[in-house]
1. Tell me the angle of helix 231-250 to the major Cα principal axis of the chain, expressed in degrees between 0 and 90 and rounded to the nearest ten.
2. Arrange the peptides 41-48, 88-95 so that the one whose residues have, on average, the most other Cβ atoms within 10 Å appears first.
3. Enumerate the lysines that Lys56 could reach by cross-link, defined here as Cα to Cα under 26 Å, with residues fewer than 8 away along the same chain left out.
4. Expressed as a fraction of 2.2 N^0.38 Å, the rule-of-thumb size for a compact globular protein of N residues, what is the C-alpha radius of gyration of the stretch 154-251?
5. What is the stretch 206-251's relative contact order, in percent, from Cα pairs under 8 angstrom and six or more apart in sequence?
6. On a 0 to 90 degree scale, rounded to 10, what angle separates helix 27-48 from the longest Cα axis of the chain?
7. Among Arg30, Arg38, Arg162, which one moves the most in a GNM of the chain with springs linking Cα atoms closer than 10 Å?
8. Using the reciprocal of the averaged 1/r over all distinct C-alpha pairs, how large is the Kirkwood radius of the stretch 51-92 in Å?
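The values are calculated or read from the model by the stated rules, or taken from the named source; none is laboratory data. This is a predicted model, so every value here is computed, not measured. Every residue, glycine among them, receives a Cβ derived from its backbone with ideal geometry; neighbour counts consider all protein chains shown. These accessible areas exclude ligands, DNA and RNA; they are computed on the full protein's heavy atoms, side chains included. Shrake-Rupley method; radii C 1.70, N 1.55, O 1.52, S 1.80 Å.
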Amino acid sequence: ATLMNVLMAGTGAGKDCISEPINRIMADIRLRDEENLRREREWKKEVNSKGANKDKRQRPEGLVIQEIDADMTNPAFVMRTAEAEGHFLYTKLNEIDQFDALRGSGRGGQQFHPGNRYGQTRVGTQSVTEKVPIRFNWNAATTIQKGKRYFSRVLTDGPVSRINFCTIPEREIGADMPVYGTYDASFDEQLRPFIENLTKAHGRVDCPQAYRLAAKLREENAEFARLSQSRVYENLAIRAIVIAWLQACDL
């Protein structure tokens, strides 16, 4: 499932509340990444210690590193995708405009389109030359004003309708500060069955509950679209149903 989420809320709304659940969900992937990052560092150290004319060991195989840095360069993004062996990459962006670093200097936008072929061609023997399908999940946060400016370029294009937008309701002036719950071993235990199911899932998995949900949402949205005669609503509703179906399949 390709899931791209943007949290848009006002300043001081507590947008960082998503960090701790993400840390718990990503814990097992980060453990695997840590081992492969260690192997990569050792290989780089070995290569750099040899002279220019010395035989150098090829880059190790099986360097599946799924969580990437928000400021990663475009060539590094392409390389990580190529080495991921079909796994998805993931990052958490503290600000939505950090996304631009991954697009490189071109007009970009490819990362918004799941399954697109994407890459770069370079002449140098040490440069990354790869063409990869986009498999990339991400979370981002932004203020409402900044988010509106950032996405104003693509409001009439496909990319923005593929993103799951959410918000934090604005508090009344003078209301108590929100206090978020804690995440501990009991939360990890509740999360464990979901992680285990996702880890062992392979091949085609049918999710009849998700299909029933999608069909119900489609009927409800079609009725409102007929009443409103809004083409914009209908187009956004179709993509929204896909996002809901993907989330339901994951669960």
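1. Helix 231-250 sits roughly 60 degrees off the main axis of the chain.
2. Working: 41-48: 11.1, 88-95: 17.4.
Output ranking for 41-48, 88-95: 88-95, 41-48.
3. Output for Lys56: Lys44, Lys45, Lys131.
4. Working: Rg = 18.4 Å, N = 98, 2.2 N^0.38 = 12.6 Å.
The stretch 154-251 yields a ratio of 1.47.
5. Numbers: 20 pairs, mean separation 25.3, N = 46.
Value for the stretch 206-251: 55 percent.
6. 30 degrees
7. The residue that fluctuates most here is Arg38.
8. 11.8 Å
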